[in-house]
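Input: one structure, supplied below.
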Amino acid sequence: MIVSDDTVRDSQIPARGDGLWRSWETADMTGMIVVRDYDPQWSERFEGLRQRLAPHVADLGASIEHVGSTAVPGCAAKPIIDLDIVVSEDAVLAELIPRLAGLGYRHEGDLGIRGREAFQAPSAAPEHHLYGVVAGSKPHLDHVLLRDYLRQQSDEVQRYGALKVTLAQRFCAEGEGRAAYSAAKSALVEELLAKSYAARTAGES
């Protein structure tokens with residue numbers, strides 16, 4: 001079973017700040033989970049985050065990738081950018097942890113998904129989820145293969161987005177509601193992920 005970050009992360013409301021970060025508000029005052037239609041500005045927000053992070057990890061040979069539903073054109077999603085900092089090996093991943101701490105990120109461990117490291121963004125930063133992964137590891141492949149598969153399958157994008165919209169109207173954003181939302185969509189996520197790996201295998205044969 002895939003463990004969603006929704007089951008272990010609380011929602012964040014970014015504060016306005018300056019310097020390294022600029023922020024925007026995405027809070028829903030009704031207490032419901034927010035799922036919005038695809039917004040082309042999500043790719044711009046990713047790029048803004050990438051440009052701020054890249055100078056601090058470039059010497060590690062790291063790349064920064066936009067993952068998650070906000071990276072899939074046409075997909076409804078919670079308006080929170082997911083990023084992977086991709087490094088070459090575990091030793092570099094360990095070095096990434098203090099590097100990000102120096103930028104105000106709080107290391108959260110793997111949050112139940114072995115092989116990756118999660119980081120809580122600084123309070124003044126735009127709302128986002130940041131992960132460190134090793135290139136070619138299962139957490140990395142889960143992110144990029146699902147993203148790339150959905151980018152090629154508009155019918156699956158609509159199916160996945162419609163489910164999220166329906167579930168967001170059913171569950172609240174706090175506590176058990178957030179966990180129930182994630183559990184209710186996990187079967188479809190697992191199905192899509194299996195299809196993404198199958199598509200990769202077919203492409204290699």
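For a Förster distance of 25 Å, can you work out the FRET efficiency between the beta-carbons of residue 90 and residue 190, rounded to the nearest 0.05?
Working from the Cβ atoms, E equals 0.40.
Taking +1 at the Cβ of each Lys and Arg and -1 at the Cβ of each Asp and Glu, which of 60, 76, 43 sits farthest along the dipole of segment 36-82 towards its positive end, judged by Cα position relative to the Cα centre?
76
So what is the diffusion coefficient of segment 127-205 in µm² per second by Stokes-Einstein at 10 °C and 1.306 mPa s, using a Kirkwood Rh over Cα pairs?
113
Oh, and also: Rg/Rh for segment 68-141: what does it come to with C-alpha atoms and Rh from Kirkwood? Before the final figure, lay out the partial values.
Working: Rg = 12.7 Å, Rh = 13.0 Å.
Taking Rg over the Kirkwood Rh, I get 0.98.
For segment 141-178, list residues with backbone N below 19 Å from a point placed 7 Å from the Cα of residue 201 toward its Cβ?
From segment 141-178, the list is 141-150.
Mean 1/r over all different Cα pairs, inverted: what Kirkwood radius does segment 48-182 give, in Å? All intermediate terms of the calculation are to be shown ahead of the outcome.
Numbers: mean 1/r = 0.0628 Å⁻¹.
15.9 Å is the Kirkwood radius here.
Coordinate-derived values only; no laboratory data. In this text the structure is predicted, and so the values were computed from the model without any measurement. Every residue, glycine as well, gets a Cβ built from its backbone with ideal geometry; the counts of neighbours run over all protein chains shown.
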